[in-house]
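Participant: Got a structure for you, written out below as structure tokens; questions coming shortly.
A short reminder: the numbers here are calculations on the coordinates, not readings from a lab. In this text the structure is predicted, and so the values were computed from the model without any measurement. With ideal geometry, Cβ positions are generated from the backbone for all residues, glycine too; neighbour counts draw on all protein chains shown.
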Amino acid sequence: MRKQIVAGNWKMNTLLKDGMELAKAVEKMEKDKHSEAIVIIAPPFTHLSKIKELIESVKLGAQNCSSEPSGAFTGEVSPGMLRSAGVEYVIIGHSERRSYFSEGNEVLNKKVKLALSTGLKPIYCCGEVLGERESGQLYDVVRSQLEIGLKDLTLSDMADVVIAYEPVWAIGTGKVATPDQAQEMHSFIRGLLGGMFNAEVARNTSILYGGSCKPSNAAELFAGKDVDGGLIGGASLKADDFIAIVNAI
């Protein structure tokens, strides 16, 4: 059976001391509550080793990784380095990486494969911008992102892959996809996975919603039968808000 997951993407926020305090607060709340969902936090790279020492109930994620295992790639962090720091999950293909750093589906496919080969579990992101939705290209865009980004993965590989649907037009804009819009795309993605792999992969892959999810709308969004949790941005920077979203599962 597929897992319910709530992952907090801290993005480029918090200095080390503040990040450690936030991680401790999330860990304490999750340990007290012991929710059935898998709870993940993805701090900046600089925080990973220290935060790993502070968490037990909460899983550690990273926000990105290199497509190369090692070498002369100044400023890059390889999946192997992340794994050695205690990271279990890595976000790949976030809309900000695609937009600001021009990461295309082909390089993201390399990242996914390399992450899997080092024992990391990719949270692979897909989603359309406003113009693509309004012009009716939303399904073609998401199909391409998944077909190329997950190309050549095996059925066993897919057991460790999580998908996150990001309606890019609803991130930081004040707009939020309706529960029906979220469920509709999640259902499309699940069907697409069935065609790309098989019915078992489609049934067992966790698909997260990643677009301006907060305590006030989380339960309604998560009620969709194909919505298995959330990839949370701004609301993950406040422990109370983040855990309230976790409790909405």
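Participant: Using a cut-off of 13 Å between beta-carbons, work out the net charge of the residues near L138 (Lys and Arg +1, Asp and Glu -1, L138 not included).
Facilitator: Working: positive: R133, R143; negative: E128, E132, E134, D140, E166, E184.
Local charge sum for L138: -4.
Participant: Hey, what did the stretch 5-247 get for relative contact order, percent, Cα under 8 Å, at least 6 apart?
Facilitator: Working: 449 pairs, mean separation 49.3, N = 243.
For the stretch 5-247, the relative contact order is 20 percent.
Participant: For a quick check: with amide H placed at 1.01 Å from N, whose amide H comes under 5 Å from V90's, ignoring anything fewer than 5 positions away on the same chain?
Facilitator: When sequence neighbours closer than 5 places are left aside, the close amide H contacts are A62, K121, I123.
Participant: Please give me the summed charge of the neighbours of E68: other residues whose Cβ is under 10 Å from its Cβ, Lys and Arg +1, Asp and Glu -1.
Facilitator: Working: positive: K110, K111; negative: E76.
Residues close to E68 contribute a combined charge of +1.
Participant: While we're on this one: Which order do the peptides 119-126, 23-30 come out in when sorted by mean C-beta neighbours inside 10 angstrom, highest first?
Facilitator: Highest mean packing first, the order is 119-126, 23-30.
Participant: So, one more: Residue by residue through the stretch 196-210, what is 3J(HN,Hα) from phi via Karplus (6.51 cos²θ - 1.76 cosθ + 1.60, θ = phi - 60°)? Round to whole Hz and write x for glycine and proline.
Facilitator: 6, 10, 6, 5, 5, 4, 4, 5, 9, 7, 6, 10, 9, 9, x
Participant: Once the dipole of the chain is set up with Lys and Arg at +1 and Asp and Glu at -1 on Cβ about the Cα centre, which of F242, G71, I38 lies farthest towards its positive end?
Facilitator: Going by the charge dipole, the pick is G71.
Participant: Moving on. Would you work out the charge dipole size for the chain about its Cα centre, treating the Cβ of every Lys and Arg as +1 and the Cβ of every Asp and Glu as -1, and quote it to the nearest 20 debye? Each step should come with its number before you reach the end.
Facilitator: Details: 27 positive and 31 negative charges, 83 e Å.
The calculation lands at about 400 debye.
Participant: Pick out which of H47, H94, H186 has the largest mean-square fluctuation in a Gaussian network model of the chain, springs linking Cα atoms closer than 10 Å.
Facilitator: Result: H47 has the largest fluctuation of those listed.
Participant: Less than 14 Å Cβ to Cβ from K110, Lys/Arg counted +1 and Asp/Glu -1: what total charge do the surrounding residues give? Walk me through the intermediate numbers first.
Facilitator: Numbers: positive: R97, K111, K113, K151; negative: E68, E76, E103, E106, D152, D157.
Net charge in that neighbourhood comes out at -2.
Participant: At what distance in nm do the modelled label points of K24 and R203 sit from each other, each positioned 7 Å from its Cα along Cα→Cβ?
Facilitator: Result: 4.5 nm between the two label points.
Participant: Also, quick follow-up: What is the list of residues in the stretch 65-86 whose amide nitrogen lies under 15 Å from a point 7 angstrom out from the Cα of E53, following Cα to Cβ?
Facilitator: Answer for the stretch 65-86: 85-86.
Participant: Please state, as a whole number in µm²/s, the translational diffusion coefficient that the Stokes-Einstein equation yields for the stretch 142-246 at 4 °C and 1.567 mPa s, with Rh defined as the Kirkwood radius across alpha carbon pairs.
Facilitator: On the way: Rh = 14.2 Å.
The Stokes-Einstein estimate is 91 µm²/s.
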